[in-house]
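Single-structure report; data block below.
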Amino acid sequence: MLYREAGQFKTNYASDLAVFPILQDRMGIAAILLVAFVAVPYFGNDFLLQAIMIPFLIFSLATIGLNLLTGYTGLLSLGTGAFMGVGAYACYKLETLFPGVNIIVWIVTAGFASAAVGVLFGLPSLRIKGFYLAIATLAAQFFLQWCFVRIPWLFNYNTSGAIEVGTHTLFGIPITGPNATSTTRYLIALSIVVVMTWFASNLVHGRIGRMWMAVRDMDIAAELMGIRLLPTKLLAFAVSSFYCGVAGAMLVFLWYGGAEADVFSINQSFFILFMVIVGGLGSLLGSFLGAAFIFILPIFLRYVPPHVGMSIFPATVEHITFMITGGLIIFFLIVEPHGLARLWQTAKQKLRVWPFPY
Amino acid sequence: MRAPSVAEIAAGDVLLAVEGVSLAFGGVKAVSDVSFDIRKGEIRAIIGPNGAGKTSMLNVINGFYHPQAGRITFKGKTRRAMRPHAAAAGGIARTFQNVALFKSMTTLDNIMAGRSLKMHKSFFWQIFRHGPALSEEIEHRKTAEEIIDFLEIEHIRRIPVGKLPYGLQKRVELGRALAMEPDLLLLDEPMAGMNLEEKEDMSRYILSMNNYYGTTIALIEHDMGVVMDLSDRVVVLDYGRKIADGTPDEVKKNKAVIDAYLGVAH
Amino acid sequence: MLLYKIFIDPFVQMGASPDLFVQTLWEGLVAGVLYALIALGFVLIFKASGVFNFAQGIMVVFGALTLVGIYEILVRWGISQENVAAFLALGLTIGVMFLLAFAVERIVLKPLVNQPDIILFMATFGLTYFLIGFGEYVFGGSSKVMIADQLYLPKGFIDLKILGGVVSLQKIDIAAAVIASIMVTGLALFFSKTRIGRALRAVADSHKAALSVGISLDQIWVIVWFASGLVALVTGIMWGARSEVSFALEVIALRALPVLILGGFTSIPGAIVGGLIIGIGEKLGDFYWGALLGRGIESWLAYFIALVFLLFRPQGLFGEKIIERV
């Protein structure tokens, strides 16, 4: 079937308000979900699931979180890493204090801790804007990272200074810790990400999303229309940090199985920010594309050249990754500030009128 | 509804009154000791040469600037200064001299954003976008579509406004203000930079709003023809002071106004 | 008891051993000078192009690394006179900084003229990462030793016997302070007295308007990026002489950001005063109050000072009050 909207009439506002008004798009989403939930776990090997799919999902979630703040509300944050850390440490504390409750509950609850911290560090956005605010979020980054190292209570006084994940089960099947298979962890991560993406999509397509974007595009006009700036910005900080916090908890509990404060450094913040930029500011689809691109690039550089007979030192791979990433950021900002998501839209637009684009 | 006659306006209720308002930035006086009122249902023009303090006056009325002296009475409530949120919630909407639209949002989203204050369904329903949140969205979408029909901008419904030509942007901005269903609409040079045809369209929209919805309008405009044709009463500012106030005919004959516009040797 | 530890005990300590206090103060001062130099590089670029150049810190490291890297190559090629090699390397590094300025202008800034500030800001993140990767790729990731002796920079200590104790000052620090003040004076004169300086300020106000009166943005931007590249190189040499040259130095650039908040983005005096306040505040804070919180509060103390300050004066110490218009 060709990609066409001809003949698909909307007879009421409800169907016009749908996120995917075109039938082919809905079929595409269904197909992707089917592949993600059935084909990938069935055919995928451990490497694909553990080294690519799980981190891809986690980073996508964090990227959505930052995109809600930076892409939709226009508030640049360099503290994403730290907010992810708050989620991870909160989840760890909750899990050890109340081991009886299911770990999935704590992964999600940890998001609220992160949201609260996010709101606290979002307060300066009342007075300051632009890169001043970005620097204020650096305060969050450094302060929180310091807390992760210097407050032993957070990591239960482990001599290693690290948090470690024990085995937890769901319906008797281990879902975290060394005994959990990558397939189960993948499915848990996928479920969380799908539900939270759906929530995010609902938010940005409704009143709250419009308020965020209004504040981003022209804050004075928004204020004079009666949109209260501070609560709107704080809500963006809260929701964004919630997403980052959940992603951080998932990072430790569903992927690494343990972590030190280093994981949540400023480099992590930049890493997520780059995913947002490359994927497209203000696009949920872009969050996935950007996360995939930035995360898979170094893996690609590490594994592909040896296959074509080139040998590169691991250190060199890292250097080249840095160079390419930096270059790509500049490239995307110049050529397509809306990132991969816009390229995808343009392609779809072309497809709609193909083969007669007149 | 029928537009009230001049006599009716003169006898009508005062919707908003400013008394003795003064505003300064550092040492620069933008507005000094200005008083005037806006009555229900009228079209009130604020005119004056560049830098006379007209836009500052609008900014005071909807609470963006806080004057150092004076009082503002809106709908019977007197305040030292308006607050943006209180002004918007009380029914004051606004367009801007240099279009201040949400540029990357579509026409439809801009107009829907104008209805933010009227939408109340909580965060909880928003994340599901079903039930109350969805029916609220649909209900307000209907109103938005009525405005789109009224302003004849159906064809640009889904286009990001940043890509629209200037004249259409002005129209969308008017639509966004209308979406707030305002009691008082402040228009800051709604026809600046427009060609004759666009001006005529805009005048028609302004008059219909005033006639059919009974919206009270305060507008700043430089085109004297437009001001004289549209407005019921005119207030004239020069160097931040009020120099005249009255019907278009009265103002036209006023010596101080003629001097301000043509310039006199002092 | 806690209040005593916060409000009284540190001051008692300061009074009890004033020499230690002066020593800490001096160290703060030196750190402050270096912060001020980094901030100066930021301010230069911000004034002239409206770009908040996040890569300034990396330019410091990159400059120092290039200098040492080129020096090593020259020595390997058989230039036996160490001092000759060092100054040759210095000259070449200045050339590299010029090329960098030129490339940044051509590749990054020119295509982004009139874009929102925040986009340009993010573009400099890209530049940061590119420079890290490039520097490490060319010169290797291992840390190096600054060629301070070969550049005739002084070393050793001066011990001052004052206040019943000994305060020791490193000569290199004194040199840093002197060089920094010369550079700042020169730049201030350049900005206020020359034709190019005036053009720079015009460009900072509005790209479009500057273009319309015939100021060449290309030229101005290359000049200003080159100037701040030189400032970065000097900073790199000074900082490198006190520790070692590696990309670990980039953290100092992050430490210098609060200086900008404090001083305002456009003010050269602001950069200096801000740098000194942050430098001294950090060292005193860590020395006298750090033990209360566990060490390492240096990493965020400056941000907190700046943040608190920002809430009361959003435009910085020397910035102008912003009037918003619609």
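Per residue of chain A, what 222 nm ellipticity follows from adding -39500 (n - 2.57) for every DSSP H run with n ≥ 4, rounded to the nearest 500?
-21000 deg cm²/dmol
Which residue fluctuates the most in chain C, going by a Gaussian network model with Cα springs under 10 Å, if the choices are C:G69, C:G91, C:G281?
C:G91
Residue by residue, what Karplus-based ³J(HN,Hα) values in Hz, rounded to whole numbers, does the range B:120-131 have, using 6.51, -1.76 and 1.60 with θ = phi - 60° and x for Gly and Pro?
So the J values, rounded to whole Hz, are 10, 4, 6, 3, 4, 6, 4, 5, 9, 6, 10, x.
As a test of the formula, what do you get for chain B when each DSSP H run with n ≥ 4 contributes -39,500 (n - 2.57) and the sum is divided by the residue count, at 222 nm and rounded to the nearest 500 deg cm²/dmol?
One gets -10500 deg cm²/dmol as the mean residue ellipticity at 222 nm.
For the range B:112-227, what relative contact order do you get, as a whole percent, if you take Cα pairs closer than 8 Å and at least 6 residues apart?
25
Once phi is turned into θ = phi - 60°, what whole-Hz ³J(HN,Hα) does the Karplus curve with 6.51, -1.76 and 1.60 give for every residue of the range A:50-62, x standing for Gly and Pro?
6, 8, 10, 5, 4, x, 4, 5, 5, 5, 4, 5, 4
Hey, can you list the DSSP H helices of chain C whose Cα span along the axis is 27 Å or longer and whose average Kyte-Doolittle score is at least 1.0?
C:18-49, C:56-76, C:82-103, C:117-139, C:171-193, C:217-242
Could you list, in their original order, any pairs among B:K142/B:K170; B:K54/B:K252; A:K233/B:K170; B:K75/B:K121; A:K233/B:K121; B:K40/B:K77 whose Cα atoms are separated by more than 20 Å?
Beyond 20 Å between Cα atoms: B:K142/B:K170; A:K233/B:K170; B:K75/B:K121.
Calculate, in nm to one decimal, what A:L343 and A:Y42 gain on full extension: separation in residues at 0.36 nm each, minus their alpha carbon distance.
Length difference between fully extended and current span is 105.2 nm.
With both partners inside chain B, how many of the DSSP beta bridges are antiparallel, as a percent to the nearest 5?
60
Can you sort B:H66, A:H168 so the residue with the fewest Cβ neighbours within 10 Å comes first?
Fewest-to-most ranking of B:H66, A:H168: B:H66, A:H168.
Grab the beta carbon distance between B:H66 and C:K110, set R0 = 60 Å, and tell me the FRET efficiency rounded to 0.05.
The computed FRET efficiency comes out at 0.90.
Based on the Cα atoms of chain B, what semi-axes does the equivalent ellipsoid have, where each is the square root of 5 times one gyration tensor eigenvalue, given in whole Å with the largest first?
Result for chain B: semi-axes of 33, 21, 18 Å.
May I ask you to derive the relative contact order of the range A:16-158, considering only C-alpha pairs under 8 Å and at least 6 residues apart, and to give it as an integer percent?
Rounded, it is 26 percent for the range A:16-158.
Which net charge results when you count Lys and Arg as +1 and Asp and Glu as -1 among the other residues whose beta-carbon is under 11 Å from that of B:T106?
Once all neighbours under 11 Å are counted, the net charge is +4.
Can you tell me how much longer the chain between C:F312 and C:S142 gets when fully stretched, taken as 0.36 nm per residue apart minus their C-alpha distance, in nm with one decimal?
Using 0.36 nm per residue and subtracting the Cα-Cα distance, I get 56.9 nm.
Among C:V22, C:S267, C:I147, flag the residue with its Cα farthest along the positive direction of the charge dipole of chain C, charges on Cβ as +1 for Lys/Arg and -1 for Asp/Glu.
Most positive-ward Cα: C:S267.
Using modelled amide H (1.01 Å from N, peptide plane; none on Pro or chain starts), what sits under 5 Å from the amide H of B:L15, excluding residues fewer than 5 places away?
Those lying under 5 Å, H to H, from B:L15 are B:I38, B:R39, B:K40.
Give the calculated FRET efficiency between A:N179 and B:K118 to the nearest 0.05, with a Förster radius of 51 Å applied to their Cβ-Cβ distance.
Between A:N179 and B:K118 the formula returns 0.40.
Return the single residue from C:G133, C:G274, C:G229 with maximal mean-square fluctuation; model: Gaussian network over chain C, springs between Cα atoms under 10 Å.
Looking only at C:G133, C:G274, C:G229, the largest GNM fluctuation is found for C:G133.
Have a look at the DSSP beta bridges in the protein assembly as shown and tell me what percent are antiparallel, nearest 5.
Percent antiparallel among DSSP bridges in the protein assembly as shown is about 70.
Could you check the simple spin-label distance between A:R302 and C:K193, using points 7 Å along Cα→Cβ, in nm with one decimal?
It is 5.7 nm.
With a 10 Å cut-off between alpha carbons and a GNM built on chain A, which of A:Y243, A:Y89, A:Y303 moves the most?
Of A:Y243, A:Y89, A:Y303, the Gaussian network model singles out A:Y303 as fluctuating most.
Once you put a point 7 Å from the Cα of B:T247 and another 7 Å from the Cα of B:L207, both along the Cβ direction, what distance in nm separates them?
1.8
Assuming a ≥ b ≥ c are the square roots of the Cα gyration tensor eigenvalues, decide whether chain A counts as rounded (a/c under 1.5), prolate (otherwise, with a/b larger than b/c) or oblate.
The shape class here is rounded.
What is the calculated FRET efficiency for A:S160 to B:F25, with r their C-beta to C-beta distance and R₀ = 51 Å, to the nearest 0.05?
The calculated FRET efficiency here is 0.30.
Amide H of A:I175: which non-local residues (sequence gap of 5 or more, or other chain) have their own amide H closer than 5 Å, using H built in the peptide plane?
A:H168, A:T169, A:L170
For the protein assembly as shown, just run the numbers: alpha carbon Rg, then divide by 2.2 N^0.38 Å, N being how many residues it has.
After normalising by residue count via 2.2 N^0.38 Å, the value is 1.05.
Residue by residue, what Karplus-based ³J(HN,Hα) values in Hz, rounded to whole numbers, does the range A:103-115 have, using 6.51, -1.76 and 1.60 with θ = phi - 60° and x for Gly and Pro?
5, 5, 4, 6, 4, 6, 5, 4, x, 5, 4, 4, 4
Which value at 222 nm does chain C reach when only helices count, each DSSP H run of 4 or more adding -39,500 (n - 2.57), with the total divided by all residues and rounded to the nearest 500 deg cm²/dmol?
Mean residue ellipticity, 222 nm, calculated: -23000 deg cm²/dmol.
Only the coordinates and a few stated rules stand behind these numbers; no lab work does. It should be emphasised that the depicted structure is a prediction, and the values quoted were computed from it without experimental measurement. Every residue, glycine among them, receives a Cβ derived from its backbone with ideal geometry; neighbour counts consider all protein chains shown.
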